[in-house]
């Protein structure tokens, strides 16, 4: 069988984590939509650096700094 492209088996490709994933870990439990998870300081620091650098296309609409209050 000859195929072209990166996914000849048509299986879903794994998705890379993004800044929105970290935001949702903190924000969704506040809304009762997920269980609370401990998020290491290193992860929240990295999230804030990404957000501040402009990686915001996948973020939910929440007040800036909401993650800081968690």
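For the structure I just gave you, tell me whether residue 27 is assigned to a helix (DSSP H, G or I) and at pLDDT 90 or above.
It is false that residue 27 is assigned to a helix (DSSP H, G or I) and at pLDDT 90 or above.
What number of residues within segment 46-70 are surrounded by 10 or more Cβ atoms within 10 Å (Cβ to Cβ) and either within 11 Å of the chain's Cα centre (by Cα) or modelled with pLDDT of 85 or more (or both)?
12
Could you check segment 22-48 and list, in sequence order, the residues that are closer than 18 Å to residue 58 by Cα and in contact (Cβ under 8 Å) with a residue 24 or more places away in the chain?
22, 23, 24, 26, 27, 44, 46, 47
The values are calculated or read from the model by the stated rules, or taken from the named source; none is laboratory data. Computed from a predicted model, the values in this text were never measured in an experiment. Positions of Cβ are backbone-derived with ideal geometry, glycine not excepted, and every protein chain shown enters the neighbour counts.
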